[in-house]
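Peer 1: To start, I am sharing the structure in question, which I have written as C-alpha cells.
The values are calculated or read from the model by the stated rules, or taken from the named source; none is laboratory data. Please read all numbers here as calculations on a predicted model, not as lab measurements. With ideal geometry, Cβ positions are generated from the backbone for all residues, glycine too; neighbour counts draw on all protein chains shown. The area values use the complete protein model at the heavy-atom level, side chains included, leaving out ligands, DNA and RNA. Shrake-Rupley method; radii C 1.70, N 1.55, O 1.52, S 1.80 Å.
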Amino acid sequence: MAIGQYGQVAGVAARGVARRVRAVAVLLLALWVWLPAATARAEDGHDLWLRYRALPAAQADAGRAVAAALAAPDASPTQAATREELLRGLGGLFGGAPAMTARIDRDGVLVAGTPASSPVLAKLGLDLSALGDEGYLVRSLRIDGHAATVIAANSDIGVLYGAFHFLRLAQSGQSLSGLDVRETPKVKVRVLNHWDNLDRYVERGYAGQSIWDWHKLPGWLDPRYTDYARANASIGINGTVLNNVNTSAQMLTPQYLEKARALAGVLRPYGLKVYLSARFSAPIEIGGLQTADPLDPAVRRWWQAKADEIYRAIPDFGGFLVKANSEGQPGPQDYGRSHADGANMLAEALAPHGGIVMWRAFVYSHEEPDDRAKQAYSEFVPYDGRFAANVLVQVKNGAIDFQPREPFHPLFGAMPKTPLMMEFQITKEYLGFATHLAYLAPMYQEALQADTHARGPGSTVARVVDGSLEGHALTGMAGVANIGSDRNWSGSQFDQANWYAFGRLAWDPHADAAQIARDWTRMTFSTDPAVVTPIVDMMMGSREAVVDYMTPLGLHHLMGRGHHYGPAPWVEGGPRADWTSVYYHRADARGIGFDRSASGSNAVAQYAPAVAAQFGDIATVPEPFLLWFHHVPWDHRMASGRILWDELVHRYGRGVDYVASMRRTWAGLAGRIDAERHAEVAAFLAIQEQEAQWWRDASIAYFQTFSKRPLPKGEKLPPHPLAYYQSLQFPFAPGDGK
Ligand code: GCW
C-alpha cells in the first residue's frame with residue numbers, strides 16, 4: 001500500500017475509530033457488570049480437585065450437622081493452613097463455614113489437631129502410636145456426651161493430611177457419620193520430579209512453561225506456589241525436585257539456592273520438602289575444580305561444603321536427584337568410578353543433615369551395543385549392597401522408557417540389599433501429550449502389581465517399592481510432573497487425574513485405580529452417578545486404547561524422532577541405533593518383534609526364573625508383551641484365532657473405536673458438566689480421535705510393506721500412501737529435549 005493511500009485510509013478510519021471507542025466503552029461497562037457474576041461460575045479447571053462447590057442440599061445439611069463448629073489450632077503455619085483449608089472447604093461444600101470453637105458444648109464439633117496442639121485431643125487419650133509422623137485418624141465419637149468428629153495425628157502434617165481426607169469424603173458425597181479411618185503412608189519419600197529448566201522450559205512438558213518463575217524469585221512468590229502445595233498435600237505428596245534431571249550446575253549457585261530457599265518457605269507448611277537435581281560435574285563448572293572424580297578429596301570436600309551451604313539456607317532440604325552417565329550427562333564413570341562411588345560421595349555430604357540421594361538407574365551406554373533393555377540391570381546389579389544407607393536407586397517402571405506398555409523393570413526384585421524407588425512418568429511423553437485422554441493409574445497399577453517372584457509368588461513390585469519385601473525403611477516413589485503454567489495446570493482436565501492418582505498410589509501402592517478414578521471424578525466433576533459412572537468407565541479403558549492405537553501387542557518406541565510426537569515406525573539411522581524405531585520392532589518379511597528370549601538378546605534371563613520362563617516362551621508369554629520378547633511370524637495364531645497380522649490391524653482399529661466411544665460418552669454428558677470444561681474436553685477428544693486414526697493408518701501402511709498381506713475383511717485401507725505419513729514434519733512440537 002502506497003503512503004498516500006495510507007493517509008486517506010487513516011482519515012476515514014479516524015471517524016470509525018471514534019465510533020469504535022464508544023462501542024468498546026459500552027461493552028466494557030457491560031462486562032464490568034456481568035463479569036464478576038460470570039467468573040464466579042466459571043470452571044476452567046484451575047481449582048483442580050479442590051473445587052469445594054456447594055453440595056446438593058441434603059448432603060450439605062448432613063455435613064453441616066457433623067461439622068457445625070470447628071476446634072482447630074492455628075499456632076503454627078501448618079496448623080493455620082489446615083484450619084484455613086477446613087474453613088474454605090467446608091464453607092464451600094456446606095454453604096457456610098463452621099463456627100470456631102474451643103469447647104465441646106454441643107453436637108457437631110469437628111476437632112482437628114495433635115495431643116500437643118489441641119487440649120480436647122490431649123484429654124481424649126486416643127492411641128496414636130501406630131500413626132507415625134505422617135499418619136492420621138478420622139473418627140466419629142462422643143466427647144462429654146456430644147457427637148463429635150476428630151482428625152488426630154502425632155504431627156501437624158498428619159492433621160493436615162487427615163483434614164484433606166475428611167474434605168475428600170465430604171466433597172465426594174460420602175457419609176460423614178460413623179467414621180473410623182486410620183491411614184499411614186506405605187512409602188516414605190513421595191516426590192514429584194519436575195523436568196523444568198531454569199529458563200522455564202519444561203522438557204517433555206505439555207502444560208505451558210514451568211510454574212517456577214525463577215527470574216522473579218525470590219522477590220515474587222506467585223500464589224500458585226501455595227495452591228501447588230495444597231494440591232500436593234491433599235494427596236500426600238511430601239517432596240518435590242524443582243529442576244530437570246538434565247540440569248545445569250547453575251541451580252547450585254548461591255543465586256539460585258536463594259530462590260529455592262524462598263520456594264521451600266512456601267511449600268514447607270504443607271509438608272513438601274524441596275530436593276534438587278545435581279549435576280555431577282558441578283565442582284568443575286561452578287566450583288573451579290579440575291575434576292569431578294568422586295574419589296578425589298577436593299571434590300568430596302566441595303560437595304560437603306555445598307551441602308552445608310544448602311542446609312544453612314534450607315534446613316529441611318530433602319537431598320539430591322542425579323542422572324549420571326546417561327544420555328550424555330556427566331557421571332562417575334567419566335573417571336572410571338562406579339555409580340556406587342558417585343552416589344556414596346553425595347550421600348556422605350548429605351548424611352550429617354539427614355538428606356538422601358536419589359540415584360537414577362535410567363542408564364544405557366554409548367559404547368555398549370547390547371540390547372538397551374538389559375543395560376541398567378547389567379550396570380546396577382553388581383553394586384547391590386554397595387550403596388550408602390541414605391541412597392535410593394530410582395528405577396523407571398519399565399526397562400526402556402515410559403512406553404504405553406512395558407513389562408516391569410527387571411531391576412525390581414534383583415537388588416534386595418538396595419532400596420529401589422519407583423519412577424513413573426505423569427507427563428504423557430509417549431501417551432499422546434496433553435490432548436489424549438489416557439488415565440494412567442491402570443498402567444501404574446499394572447507395574448506395581450506385577451509379580452517379580454524374587455522371593456517366590458507374591459513378591460510384587462509394590463512390595464519392593466514399599467520396602468516390605470526386603471525390610472527396607474527408606475522407600476520412595478517419584479512421578480515426573482505434568483504441571484505447568486497453563487490455567488488447568490496439567491495441559492488438560494483429565495491429565496489432572498494422573499497427578500492425583502500418582503499421589504494416591506505413592507501413599508499406598510496397593511490402592512485401586514478405579515477407586516481413585518471415582519474419587520477424582522466426584523471431586524472434579526460431580527457426585528451424580530449419571531456423571532461418575534460413564535466418566536470412570538471411560539477413564540479405565542483409556543490407557544489400553546492408547547496401547548492399541550500406538551503400540552499394540554508389546555510393540556514399543558515407534559514415535560516421532562526427538563519430539564516423540566505421532567507415529568514414525570520407519571525411523572532409522574542417526575546417532576545411535578537404540579534411538580530408532582526399527583531397532584525395536586525389527587519387522588521383516590518373516591514377522592515382527594524384538595527377540596529377547598534365549599534365542600535373542602536373552603533379556604528375559606534378567607527376571608526371576610519363573611518369570612523368565614513365562615516371558616521367554618512364545619507359548620506362555622502374555623499377549624500384551626508378545627512382541628516385546630519375541631520376533632513372531634506374521635501368520636502366528638493368536639488367542640483370538642486371528643493370525644498376528646490380522647490381530648495387529650484389529651487392535652489398531654479397536655483403539656480408534658474406543659476413542660470414538662469416549663467422544664460419544666462425553667457428548668452425552670453435555671449439560672451435566674460446566675460448558676467451558678465440557679467444550680475443552682470435547683475438542684481434545686476430537687484431536688485424539690484424529691491422531692489415533694493417524695497412528696493406525698501410518699502404522700498399518702508401514703508394517704504392510706513387510707507383512708505383504710491384505711487387511712482383514714471390513715478393515716479400511718489407510719487413506720494415504722506411506723510416503724505421505726513419512727513426509728509429515730513437526731519441528732515445533734512441544735517438550736522436545738534441548
Ligand atoms: O524419557 C526420556 C526423555 C528425556 C528424559 C530421559 C530421562 C529428562 O525422552 O527427555 O530426559 O528420558 O528420563 O532422563
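Peer 1: All but one of (1) farther than 30 Å from Ser365 by Cα; (2) open to solvent by 20 Å² or more (accessible area, probe 1.4 Å) hold for Gly328, so report the exception by its number.
Peer 2: Single failed check for Gly328: (1).
Peer 1: Quick check: is even one residue across segment 179-189 crowded, with 17+ Cβ neighbours inside 10 Å, closer than 14 Å to Val480 by Cβ and of a type in the set (D, E, K, R)?
Peer 2: Scanning segment 179-189, I find no residue that is crowded, with 17+ Cβ neighbours inside 10 Å, closer than 14 Å to Val480 by Cβ and of a type in the set (D, E, K, R), so the answer is no.
Peer 1: Go through (1) assigned to a loop (DSSP other than H, G, I, E, B); (2) open to solvent by less than 40 Å² (accessible area, probe 1.4 Å) one by one and return the number of the condition Phe615 breaks.
Peer 2: (1)
Peer 1: Here is a check on your reading of the model: is Pro223 within 29 Å of Phe164 (Cα to Cα), surrounded by fewer than 20 Cβ atoms within 10 Å (Cβ to Cβ) and either touching a Gly at 6+ places or on another chain (Cβ under 9 Å) or in the same structural domain as Ala305 (by TED's automatic domain parsing) (or both)?
Peer 2: It is true that Pro223 is within 29 Å of Phe164 (Cα to Cα), surrounded by fewer than 20 Cβ atoms within 10 Å (Cβ to Cβ) and either touching a Gly at 6+ places or on another chain (Cβ under 9 Å) or in the same structural domain as Ala305 (by TED's automatic domain parsing) (or both).
Peer 1: Can you name every residue in segment 631-651 that is open to solvent by less than 30 Å² (accessible area, probe 1.4 Å) and within 21 Å of Arg596 (Cα to Cα)?
Peer 2: Scanning segment 631-651 gives Val632, Trp634, Met638, Leu644, Trp645, Leu648.
Peer 1: Just checking, which of Met538, Met523 is buried (at least 22 other Cβ atoms within 10 Å of the Cβ), touching a Phe, Trp or Tyr at 6+ places or on another chain (Cβ under 6 Å) and part of a helix (DSSP H, G or I)?
Peer 2: It is Met523.
Peer 1: Evaluate segment 494-506: report whether one residue or more is open to solvent by 10 Å² or more (accessible area, probe 1.4 Å), in a loop (DSSP other than H, G, I, E, B), under 28 Å from Tyr607 (Cβ atoms) and assigned by TED's automatic domain parsing to the domain that holds His409.
Peer 2: For segment 494-506, residues open to solvent by 10 Å² or more (accessible area, probe 1.4 Å), in a loop (DSSP other than H, G, I, E, B), under 28 Å from Tyr607 (Cβ atoms) and assigned by TED's automatic domain parsing to the domain that holds His409: absent.
Peer 1: Working only within segment 410-431, note down all residues that are within 13 Å of the ligand (Cβ to nearest atom) and either in the same structural domain as His563 (by TED's automatic domain parsing) or touching a strand residue (DSSP E or B) at 6+ places or on another chain (Cβ under 9 Å) (or both).
Peer 2: Within segment 410-431, Glu423, Phe424, Gln425, Ile426, Thr427, Glu429, Tyr430, Leu431 qualify.
Peer 1: Taking Leu121, is it over 29 Å from the mean Cα position of the chain (by Cα) and over 16 Å from Ala102 (Cα atoms)?
Peer 2: Judged against the criteria, Leu121 is not a match.
Peer 1: Checking the structure you have, find out if any residue of segment 303-319 is more than 16 Å from the ligand (Cβ to nearest atom), open to solvent by 50 Å² or more (accessible area, probe 1.4 Å), part of a loop (DSSP other than H, G, I, E, B) and not charged (D, E, K, R).
Peer 2: yes
Peer 1: With the checklist (1) crowded, with 22+ Cβ neighbours inside 10 Å; (2) closer than 22 Å to Asp47 by Cβ in hand, flag the one item Leu555 doesn't pass.
Peer 2: For Leu555, the failing item is (2).
Peer 1: Can you tell me how many residues in segment 349-400 are under 29 Å from Phe317 (Cβ atoms) and either open to solvent by less than 10 Å² (accessible area, probe 1.4 Å) or within 13 Å of the ligand (Cβ to nearest atom) (or both)?
Peer 2: 19
Peer 1: Give the residue that is surrounded by the fewest Cβ atoms within 10 Å (Cβ to Cβ), with candidates limited to residues of segment 686-732 that are aliphatic (A, V, I, L, M) and within 20 Å of Arg586 (Cα to Cα).
Peer 2: Ala723
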